[in-house]
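The values are calculated or read from the model by the stated rules, or taken from the named source; none is laboratory data. These numbers were taken from a predicted model, which means no experiment stands behind them. Cβ: placed from backbone, ideal geometry, glycine included. Neighbour counts: every protein chain shown.
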Amino acid sequence: MINSEVVLQGQTIAYTSYAIVIILLMGWFGFRISREGKGNKVSHALFYSFVGFLTILGVSLHIITYNTIPWTKLDINYSELVPDKTFEISVANHEFILPMDKLVINEGDKTLFSVTSEDLTYGFGLFRADHSMLFQMQVVPGHENNIIWQFNQTGVYTIRSTEYSGPKGTHMILEDVVEVISN
């Protein structure tokens, strides 16, 4: 699985460029139609050619980046996957309850996090040491809340609630409780 930081950087560049092209087109169009005198019109053919180009470019960006999103294959094949490790985690009264003090995962393992809420809607997010998010999911009471992630890098991660669950929810942080180790 590709590192999600690389995907984010690539998509940031691609979609920022796309947005700049759209903004420039709108500026050009606005300038042309607001000018006085000759040349204040934009031909329909030219305008719709640009709109068609932007549509093709936008759809192409989505198709190209679809295969780079790291969790796509795991989500699509979810029902067929057999996780290497499973962690049953519960959440109640603004507190994560882990099955053990530290969740140790081998590099390359597909890991299932099954999180159950006893009372409120919470978030379950795994964060890197630099505080960037690796993944997250919403945890809704009375529902199955599962996420499978394949860890291809060693590291230590923090669990945080990513959903507002009242003022106490801001303190739902378990520092360095997930560790991915080399085989």
Answer from Glu175, Glu144 - the residue that is out of contact with any Lys or Arg (no Cβ under 6 Å at 6 or more places or on another chain), at pLDDT below 90 and not small (Gly, Ala, Ser)
Glu144
I need a count of the residues in segment 72-88 that are closer than 14 Å to Trp149 by Cβ and in contact with a Ser or Thr (Cβ under 8 Å, 6 or more places away or on another chain).
5
Can you tell me which residue among Leu74, Leu103 is more than 26 Å from Tyr164 (Cα to Cα) and either surrounded by fewer than 11 Cβ atoms within 10 Å (Cβ to Cβ) or in contact with a strand residue (DSSP E or B) (Cβ under 8 Å, 6 or more places away or on another chain) (or both)?
Leu74
Scan segment 11-32 and give yes if some residue there is surrounded by 10 or more Cβ atoms within 10 Å (Cβ to Cβ), over 20 Å from the mean Cα position of the chain (by Cα) and either at pLDDT below 75 or at positive phi (or both), otherwise no.
no
Looking at segment 147-164 only, could you name the residues that are within 16 Å of Asp109 (Cα to Cα) and either in contact (Cβ under 8 Å) with a residue 40 or more places away in the chain or surrounded by 18 or more Cβ atoms within 10 Å (Cβ to Cβ) (or both)?
Ile147, Ile148, Trp149, Gln150, Phe151, Asn152, Gln153, Thr154, Tyr157
Can you confirm whether segment 133-142 contains a residue that is part of a loop (DSSP other than H, G, I, E, B) and buried (at least 16 other Cβ atoms within 10 Å of the Cβ)?
no
Residue under question is Ile64, and the condition is that it be closer than 28 Å to Asp176 by Cβ and of a type in the set (A, V, I, L, M); does it hold?
no
Give all pairs with beta carbons closer than 9 Å in which a residue from segment 165-183 that is under 30 Å from Glu107 (Cβ atoms) meets a residue that is among the acidic types (Asp, Glu); count only pairs at least 6 apart in sequence or on separate chains.
Met172/Glu95; Val177/Asp101; Val180/Glu107; Val180/Asp109; Ile181/Glu107; Ser182/Glu107; Asn183/Glu107; Asn183/Asp109
Does segment 163-182 contain at least one residue that is acidic (Asp, Glu), on the phi < 0 side of the Ramachandran plot, not assigned by TED's automatic domain parsing to the domain that holds Gln9 and not in a strand (DSSP E or B)?
yes
Being of a type in the set (Asp, Glu), more than 16 Å from the chain's Cα centre (by Cα) and within 30 Å of Gln9 (Cβ to Cβ), is that true of even one residue in segment 138-147?
no
Unmet requirement for Glu88, which otherwise passes all of (1) over 27 Å from Ser182 (Cβ atoms); (2) loosely packed, with under 14 Cβ neighbours inside 10 Å:
(1)
Top-ranked residue of segment 118-127 - restricted to ones that are touching a Phe, Trp or Tyr at 6+ places or on another chain (Cβ under 8 Å) and without any contact (Cβ under 8 Å) to a residue 40 or more places away in the chain, ranked as farthest from Thr154 (Cα to Cα):
Phe124
